[in-house]
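Enquirer: Have a look at this one.
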Amino acid sequence: MADLDGNKVEKNFQVDIPFSMDNNFYVKGAGHLEWGMKKHLSNIFCPKSGNTVMFAFDHGYFMGSVSGLERLDLLIPKLIPHVDVLMATRGALRTCVKPDFRKGIALRVSSGSSIIFDDLSHEVVSVDIEDAIRMNADCLAVQTFIGADGQVSSIKNLSKVINAGNRYSIPTLGVVAVGKNLERTDQYFKLATRILAELGANIIKTYFCDKFEEIVAACPVPIVVAGGKKLPEQDALKMAYNSIQGGAKGLDMGRNIFQSKNPVEMADAIGKIVHEKFTDKEAFEYYKEKAESRK
Ligand code: R5P
């Protein structure tokens, strides 16, 4: 292991130079993967824009019936036409989503936390690879806690899922979870995203922060940005726009869609930024107009 003393602070990210290995496939870092992996990745990332709108509604796995997701059976079918990927638990998918939908699936495969337990950082792999295959999952989502009490077990979980996914050509989505007492700095996210990518995750979900373009430049696989707590729609769209401008390949948003007064219009507005190069201002105008015309 390298000596930890006297490490230089990294700064040469060369953010203006595109990733150099994308010449035979449009998804970052996937050029040398085999056909099945690429097929799943193309179910996630739109071949035309290269980007994705993931709709995350897996919160129930540790938060129960969170506000806005009380009735998955009523909400999710309305949103499916407006997003590219559903990020969910197998329980939510099997009970509340008809199997004939034609979008991607990011299947939550780690669990073990709950909001009434103080430390959320200890999880297990809770879905077998065979069940993920049965559900036709396009990627396997694992929560990973770098710098938290559960770091070793979550890296073990991530590695187990990557190894199983590689056997059957199913990509892994490494989710950066920020443990309590940790700050959301670019230094932290550079560390966490790079560790997950080097362990073999094919997509990384993390948060937007300052110097985001450096995090993207140093990460050899696509980054999708988590929405986080509910913001006013205008602010959430600004965050989405800044993420895409900073090099994110999509948003993986939950509360900022399902806790909006107008979830469908919000999902559409995010899609305009992600796929059609709308600015945040244009997307907010679009959101307001669509919400108004539905009244
Ligand atoms: C949390 O652990 C889950 O991965 C959620 O899917 C994630 O936090 C995204 O949801 P939100 O945009 O509400 O933060």
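The values are calculated or read from the model by the stated rules, or taken from the named source; none is laboratory data. All of these numbers come straight from a predicted model, not from anything done at the bench. Cβ: placed from backbone, ideal geometry, glycine included. Neighbour counts: every protein chain shown. Please note that ligands, DNA and RNA were not included when accessible areas were found on the heavy atoms of the full protein model with its side chains. Shrake-Rupley method; radii C 1.70, N 1.55, O 1.52, S 1.80 Å.
Enquirer: Of these, Phe45, Phe57, which one is among the aromatic types (Phe, Trp, Tyr) and touching a helix residue (DSSP H, G or I) at 6+ places or on another chain (Cβ under 8 Å)?
Expert: Phe57 is the lone residue from the list that is among the aromatic types (Phe, Trp, Tyr) and touching a helix residue (DSSP H, G or I) at 6+ places or on another chain (Cβ under 8 Å).
Enquirer: Still on this structure, I have one more. So Ile115 passes all but one of these: (1) modelled with pLDDT of 95 or more; (2) among the β-branched types (Val, Ile, Thr); (3) within 12 Å of the ligand (Cβ to nearest atom). Which condition number does it fail?
Expert: Here Ile115 clears every test but (1).
Enquirer: Give the residues of the stretch 103-130 that are farther than 20 Å from Ile203 by Cβ and charged (D, E, K, R), sorted by residue number.
Expert: Across the stretch 103-130, the qualifying residues are Asp118, Asp119, Asp128, Glu130.
Enquirer: Could you please tell me which pairs satisfy a Cβ distance under 7 Å, a separation of 6+ or placement on different chains, a first residue in the stretch 199-226 that is among the acidic types (Asp, Glu), and a second residue that is assigned to a loop (DSSP other than H, G, I, E, B)?
Expert: From the stretch 199-226, the pairs are Glu213/Val15; Glu213/Gly246; Glu213/Gly247; Glu214/Phe13; Glu214/Val15.
Enquirer: What number of residues within the stretch 87-123 are part of a loop (DSSP other than H, G, I, E, B) and either surrounded by fewer than 21 Cβ atoms within 10 Å (Cβ to Cβ) or of a type in the set (Ser, Thr, Tyr) (or both)?
Expert: Final tally of qualifying residues: 19.
Enquirer: Now for a separate question. From the residues in the stretch 19-46 that are part of a loop (DSSP other than H, G, I, E, B) and loosely packed, with under 11 Cβ neighbours inside 10 Å, which one is modelled with the lowest pLDDT?
Expert: Top of the filtered list is Asn23.
Enquirer: Within the stretch 151-179, track down each residue that is of a type outside the set (A, V, I, L, M, F, W, C), in a loop (DSSP other than H, G, I, E, B) and at pLDDT below 95.
Expert: If the condition is that a residue be of a type outside the set (A, V, I, L, M, F, W, C), in a loop (DSSP other than H, G, I, E, B) and at pLDDT below 95, then Gly179 is the only one that fits.
Enquirer: Shifting gears a bit: Would it be correct to say that Gln259 is within 16 Å of the ligand (Cβ to nearest atom) and either over 15 Å from the mean Cα position of the chain (by Cα) or free of Cβ contacts under 8 Å to residues at least 40 places away in the same chain (or both)?
Expert: yes
Enquirer: A follow-up question, please. For the stretch 65-84, which positions are of a type in the set (A, V, I, L, M), closer than 17 Å to Ile270 by Cα and not in a helix (DSSP H, G or I)?
Expert: Residue satisfying the conditions is Val83 alone.
Enquirer: Okay, moving on. Could you list, in sequence order, the residues of the stretch 152-162 that are surrounded by 15 or more Cβ atoms within 10 Å (Cβ to Cβ) and out of contact with any Gly (no Cβ under 8 Å at 6 or more places or on another chain)?
Expert: Across the stretch 152-162, the qualifying residues are Ser153, Ser154, Ile155, Asn157, Lys160, Val161.
Enquirer: Can you pull out the residues in the stretch 139-151 that are closer than 21 Å to Gly250 by Cα and open to solvent by 10 Å² or more (accessible area, probe 1.4 Å)?
Expert: Gln143
Enquirer: Another question, if that's okay. Is it the case that Val53 is in contact (Cβ under 8 Å) with a residue 60 or more places away in the chain, among the hydrophobic types (A, V, I, L, M, F, W, C) and part of a strand (DSSP E or B)?
Expert: So Val53 passes the test.
Enquirer: Out of all the residues in the stretch 67-86, which are within 16 Å of the ligand (Cβ to nearest atom) and touching a residue at least 12 places away in the same chain (Cβ under 8 Å)?
Expert: Of everything in the stretch 67-86, those that are within 16 Å of the ligand (Cβ to nearest atom) and touching a residue at least 12 places away in the same chain (Cβ under 8 Å) turn out to be Ser67, Gly68, Leu69, Leu72, Leu75, Ile76, Leu79, His82, Val83, Asp84, Val85, Leu86.
Enquirer: Can you tell me which residues in the stretch 239-249 are within 15 Å of the ligand (Cβ to nearest atom) and in contact with a helix residue (DSSP H, G or I) (Cβ under 6 Å, 6 or more places away or on another chain)?
Expert: Scanning the stretch 239-249 gives a single hit, Ala240.
Enquirer: With Lys180, Lys190 as the choices, which residue is more than 30 Å from Lys261 (Cβ to Cβ), within 16 Å of the ligand (Cβ to nearest atom) and touching a residue at least 60 places away in the same chain (Cβ under 8 Å)?
Expert: Lys180
Yes/no per residue for (1) under 27 Å from Leu69 (Cα atoms); (2) within 17 Å of the chain's Cα centre (by Cα):
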| residue | (1), (2) |
| --- | --- |
| Arg102 | yes, no |
| Leu107 | yes, yes |
| His122 | yes, no |
| Val125 | yes, no |
| Asp138 | yes, yes |
| Thr144 | yes, yes |
| Gly147 | no, no |
| Gln151 | no, no |
| Tyr168 | no, no |
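Enquirer: Go through (1) part of a helix (DSSP H, G or I); (2) open to solvent by less than 60 Å² (accessible area, probe 1.4 Å); (3) away from the ligand (no atom under 16 Å from the Cβ); (4) of a type outside the set (A, V, I, L, M) and name the single condition Phe62 misses.
Expert: Failing condition for Phe62: (3).
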